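Engineer: Have a look at this one.
The values are calculated or read from the model by the stated rules, or taken from the named source; none is laboratory data. Quick caveat: nothing in here was measured; it's all calculated off a predicted structure. Neighbour counts are summed over all protein chains in view; Cβ atoms, including those assigned to glycine, are modelled from backbone coordinates with ideal geometry. Quick note on the areas: whole protein, heavy atoms, side chains included, nothing else; ligands and nucleic acids left out. Shrake-Rupley method; radii C 1.70, N 1.55, O 1.52, S 1.80 Å.
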Amino acid sequence: MSRDRHNPARQTEPAYSATRRTWYGYGSLARVEKSGFGRVLHDCSTVFGDVSIPSLPVLFAIVVAPGTGAYDATAAGIVAWPTMVAVGTAVRGGWIRPLATDTLGWVAITPSLILLRVVYYNLVLIVAVFGGVAVANAVGIAPLSLVVAFVVAIGSMLSFPRLAERFYGVVRRRT
């Protein structure tokens, strides 16, 4: 696979550059060079919104899920959600490479990829949280729910850029 810095399904610029787009209010946008820590903060806030807003339905379900234990759905959600954000941040900033692609960077924001985000993130959280709790209950090892949530969150976010590329290509061919 070759590096495709102009891939329309991916935001590659933040992965290859220290500059980030910044909003100063009243419609003022600028490109600002950021330190490593500034890039992490900027990318983390971007990915936090990218994951959290489409995931609101399942995040609400996690909050109202029954259970009061240290390894219930809420605890698994507290592990899965920030893990998704942290891995997405590392991919967006170019610090780690997503699976099955040589292109660094996070997924672009297009209408079809927003729809994919809503479906994918909610499905991932359902599997990570409620699937993790189910596996832990079936095996009888309660802390396993947190391990499953952690592993599913990491794998899903490392796989998402490649899935988005393929999905974008299919949607683009049909239009």
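Engineer: Does T89 qualify as being of a type in the set (S, T, Y) and open to solvent by less than 20 Å² (accessible area, probe 1.4 Å)?
Structural biologist: Considered against the rule, which asks whether it is of a type in the set (S, T, Y) and open to solvent by less than 20 Å² (accessible area, probe 1.4 Å), T89 comes out as yes.
Engineer: A further question follows. How do the pairs read when you match residues in the range 9-25 that are under 17 Å from L113 (Cβ atoms) and open to solvent by 30 Å² or more (accessible area, probe 1.4 Å) with residues anywhere that are in a loop (DSSP other than H, G, I, E, B) and of a type in the set (D, E), using Cβ under 6 Å and keeping only pairs 6 or more apart or on different chains?
Structural biologist: none
Engineer: Of everything in the range 159-173, what is modelled with pLDDT of 95 or more and among the hydrophobic types (A, V, I, L, M, F, W, C)? Give them in sequence order.
Structural biologist: Of everything in the range 159-173, those that are modelled with pLDDT of 95 or more and among the hydrophobic types (A, V, I, L, M, F, W, C) turn out to be F160, L163, A164, F167.
Engineer: Does V129 satisfy being in contact (Cβ under 8 Å) with a residue 24 or more places away in the chain and either over 22 Å from D50 (Cβ atoms) or open to solvent by less than 30 Å² (accessible area, probe 1.4 Å) (or both)?
Structural biologist: In short, yes.
Engineer: Now for a different question. List every residue pair whose Cβ atoms sit under 6 Å apart, with the two residues 6 or more apart in sequence or on different chains, where the first one lies in the range 160-175 and is within 17 Å of I109 (Cβ to Cβ) and the second, anywhere, is hydrophobic (A, V, I, L, M, F, W, C) and part of a helix (DSSP H, G or I).
Structural biologist: A164/L113; F167/L116
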